[in-house]
Amino acid sequence: MSNLIAPSILAADFANLQRDIEMVNNSEADWFHIDIMDGVFVPNISFGMPVLKAISKHAKKTIDAHLMIVNPDQYIQTFADLGANILTVHYEACSHLHRTIQAIKAAGMKAGVALNPHTPIAVLEDVIKDLDLVCIMSVNPGFGGQSFIENTYKKVSQLRHLIDFTESDCLIEIDGGVTDKNANALIEAGANVLVAGSYVFGAENPTETIEDLKNLIG
Ligand code: DX5
Ligand code: ZN
């Protein structure tokens, strides 16, 4: 399978959301990455259900929803109804992670778990075979446009070993500070999906920037 690019809509122009969604639809991007922040789990509030509903109406590619919220369990069915295809919860926000993963799958979505920069890969050993995706945060979640944390490479290699050792087919996604400077090295370390927000939407030509990233990572 080829490696994937998931533009983060957090960095889009919300006053021109449909235009930016169509840009992604017509680009070589693979997924829509949707960041939901509650102001409790992370020190920022992004947007919620009505905005996701509007995005889903126009998005023609996989919707990868990244929940940076406490108590994600209570919204699993809501996100399924809103059109999320992949639902990622934070390890740090779930007391009963195994139960949450099963509930996401029972609602018909693929299940992902995100790890904050301080959370070691080893905490996923006992659920790795149940997961469709692990999102390694390469910035502290809450804001777009932050600098990439270099320790991420080590975590990607560790996770790649764990996935290969357990013969799991889960994807490795990297989220935060992704640019043309680190994309290739991340793929070489074992990542499959790169989220890019400000690098894509802050570019003069986002469509070309997506194409260049795709060519870079193969
Ligand atoms: C951060 C979000 C990211 C963010 C990435 O909390 O989870 O998805 O939008 O933005 P950039 O690519 O600008 O770091
Ligand atoms: Zn994200």
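For the range 28-72, name all the residues that are touching a Ser or Thr at 6+ places or on another chain (Cβ under 7 Å) and among the β-branched types (Val, Ile, Thr). Scanning the range 28-72 gives 36, 63. Against the condition under 14 Å from residue 30 (Cβ atoms) and not in a helix (DSSP H, G or I), how does residue 194 come out, does it pass? Yes.
In the range 157-177, the residue that is most open to solvent (accessible area, probe 1.4 Å) out of those that are hydrophobic (A, V, I, L, M, F, W, C) and within 16 Å of ligand 2 (Cβ to nearest atom) is 171. Can you work out which of the residues in the range 197-218 that are at pLDDT 95 or above, more than 16 Å from residue 34 (Cα to Cα) and part of a loop (DSSP other than H, G, I, E, B) is least open to solvent (accessible area, probe 1.4 Å)? Restricting to residues being at pLDDT 95 or above, more than 16 Å from residue 34 (Cα to Cα) and part of a loop (DSSP other than H, G, I, E, B), the top hit is 203. Going residue by residue through the range 124-143, is there one that turns out to be within 18 Å of residue 5 (Cα to Cα) and open to solvent by 60 Å² or more (accessible area, probe 1.4 Å)? For the range 124-143, residues within 18 Å of residue 5 (Cα to Cα) and open to solvent by 60 Å² or more (accessible area, probe 1.4 Å): absent. Scanning the range 79-123 for residues that are open to solvent by 50 Å² or more (accessible area, probe 1.4 Å) and part of a loop (DSSP other than H, G, I, E, B) yields 85, 95, 96, 108, 118, 120.
Within the range 6-42, track down each residue that is in a loop (DSSP other than H, G, I, E, B) and closer than 15 Å to residue 176 by Cβ. Full working, then the answer.
Here is the first cut: in the range 6-42, the residues in a loop (DSSP other than H, G, I, E, B) are 12-13, 26-30, 39-42.
Hit for the range 6-42 is 42, nothing else.
One residue alone among 116, 184, 151, 215 is more than 24 Å from residue 16 (Cα to Cα) and within 12 Å of ligand 1 (Cβ to nearest atom), and that residue is 116. Counting only residues that are more than 14 Å from ligand 2 (Cβ to nearest atom) and either within 28 Å of residue 13 (Cα to Cα) or β-branched (Val, Ile, Thr) (or both), the range 126-148 holds 3 of them. Scanning the range 43-70 for residues that are among the hydrophobic types (A, V, I, L, M, F, W, C), in a strand (DSSP E or B) and either more than 14 Å from ligand 1 (Cβ to nearest atom) or open to solvent by 20 Å² or more (accessible area, probe 1.4 Å) (or both) gives a single hit, 45. Applying the condition of being among the charged types (D, E, K, R) and open to solvent by 60 Å² or more (accessible area, probe 1.4 Å) to the range 144-156 and asking which residue is farthest from residue 104 (Cα to Cα) yields 150. Filtering the range 17-32 to residues that are among the hydrophobic types (A, V, I, L, M, F, W, C) and farther than 10 Å from residue 207 by Cα leaves 17, 21, 31, 32.
So, residue 2, is that one in contact with a Gly (Cβ under 9 Å, 6 or more places away or on another chain) and open to solvent by 20 Å² or more (accessible area, probe 1.4 Å) or not? The answer is yes for residue 2.
Picking from residues in the range 144-182 that are of a type outside the set (A, V, I, L, M, F, W, C) and more than 20 Å from residue 3 (Cα to Cα), the one that is nearest to the chain's Cα centre (by Cα) is 144.
Within the range 167-179, can you find the residues that are within 12 Å of ligand 1 (Cβ to nearest atom) and not in a strand (DSSP E or B)? So that I can check it myself, show each step before the final result.
Of the residues in the range 167-179, the ones within 12 Å of ligand 1 (Cβ to nearest atom) are 173-179.
Within the range 167-179, 176, 177, 178, 179 meet the criteria.
Note on the range 2-19: residues that are within 16 Å of ligand 1 (Cβ to nearest atom) and over 14 Å from the mean Cα position of the chain (by Cα) total 4.
The values are calculated or read from the model by the stated rules, or taken from the named source; none is laboratory data. Quantities reported herein were computed from a predicted structural model and do not represent experimental measurements. Cβ coordinates were reconstructed from backbone atoms using ideal geometry, including for glycine residues, and neighbour counts include every protein chain displayed. With ligands, DNA and RNA removed, areas are computed over all heavy atoms of the protein, side chains included. Shrake-Rupley method; radii C 1.70, N 1.55, O 1.52, S 1.80 Å.
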